[in-house]
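Worksheet: one structure, shown below.
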Amino acid sequence: MKKIVFPLIFLILLLGACSSNKAFDAMPVAEKMRIGNELFGRKKYNKAIPYYTAVAFEKNSAYTAEAQARIADCYFNQNKFIDAIFEYEELIRIFPDYEDINLAYFQIGVCHFERSLSPHYSQEETNSAIASFERFIEKFPFDHKKSEAIEYINKCHYKLLEKKYYNGYAYYKMYDYSAALMYFDEIIELGNINELDKKSLYYAARIYIVRKDKDNALKMSEKINARYPDSKEAHKINKLVEKKF
């Protein structure tokens with residue numbers, strides 16, 4: 001008896017699935033788009049994707065480009081940034097004249113930024129984010145999101161500076177002072193007033209003190225006192241300079 005029941009249940013499920021697929025295929029494009037938008041509005045992004053995908057395949061539909069954009073947005077809102085980048089790029093490739101194509105360019109930059117690792121690690125995605133936002137600004141110089149894109153670029157550049165600092169600090173801890181100074185000097189020469197500059201000055205000064213390089217030690221001491229006179233780093237360097245020289 002069991003041998004008969006199980007195939008029967010399977011057949012019923014299969015017929016139900018076929019019927020459901022036929023109903024889905026027969027559904028008007030506008031209805032698929034409406035359901036997709038309703039699911040999107042309820043943050044049911046994974047369930048919305050099949051509806052948007054079905055609409056996107058309808059090349060002659062007035063909803064096609066918008067559906068492609070929403071597919072990308074669905075992946076973005078689920079933090080599936082690689083998939084989102086692919087879908088935004090597809091939107092740009094297939095529908096370059098879409099009315100909100102500027103947002104696709106912008107979102108690609110955000111995806112790369114969100115995928116970027118902490119400054120202790122490789123920064124390929126950070127560089128990709130910079131390139132994407134610069135591409136956005138170049139194509140849409142008067143877009144309302146330009147200032148936001150610039151903010152992202154500044155964050156990316158700061159992260160790259162953090163990467164340089166951590167590289168320098170790693171070499172400092174390994175007593176490879178020449179390599180450490182190469183990174184610290186790059187940061188110091190920018191003349192920014194921030195934590196990375198202060199720490200780079202501090203460790204560069206310590207290296208010159210260890211090397212008994214009085215001229216450069218005093219130069220670093222003057223800079224850290226001028227830029228960060230009340231900092232604990234400045235006080236420590238002043239004591240070391242007094243003691244060693």
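General observations
- Packing rank of 233-239, 129-135, where each peptide gets the mean count of other beta carbons within 10 Å, highest leading: 129-135, 233-239
- Positive-pole candidate from Asn238, Leu190, Asn216, dipole of region 175-245, charges at beta carbon: Asn238
- Mean-position separation - Cα centroids, region 156-230 and region 84-131, in angstrom: 33
- Shown in residue order for region 183-195 are the 3J(HN,Hα) couplings computed by the Karplus curve 6.51 cos²θ - 1.76 cosθ + 1.60 at θ = phi - 60°: 6, 4, 5, 4, 6, 4, 5, 5, x, 6, 9, 7, 5 Hz (x for Gly and Pro).
- Cα long-axis angle, helix 232-244 against the chain (0 to 90 degrees, to the nearest 10): 30
- Placing +1 on each Lys and Arg Cβ and -1 on each Asp and Glu Cβ, with no other charges, gives region 25-78 a dipole about its Cα centre of roughly 200 debye.
- Cα-based radius of gyration of region 25-78 once divided by 2.2 N^0.38 Å, which approximates compact folds: 0.99
- Computed packing ranks the peptides 207-213, 166-172 as 166-172, 207-213, most packed first, by mean other Cβ atoms within 10 Å.
- Normalising by residue count, the chain has a Cα convex hull of 212 Å³ per residue.
- Taking each of Lys32/Lys146; Lys146/Lys232; Lys139/Lys163; Lys163/Lys223; Lys173/Lys244; Lys199/Lys239 in turn, the alpha-carbon distance tops 27 angstrom for Lys32/Lys146; Lys146/Lys232; Lys139/Lys163.
- Mean projection area, nm², convex hull over Cα of region 164-239: 4.4
Values quoted throughout were computed directly from the atomic coordinates according to the rules given, and no laboratory measurement underlies them. Since the structure is predicted, the reported quantities are computational estimates derived from the model, not experimental observations. Glycine gets a Cβ as well: all are built from the backbone with ideal geometry, and neighbour counts include every protein chain shown.
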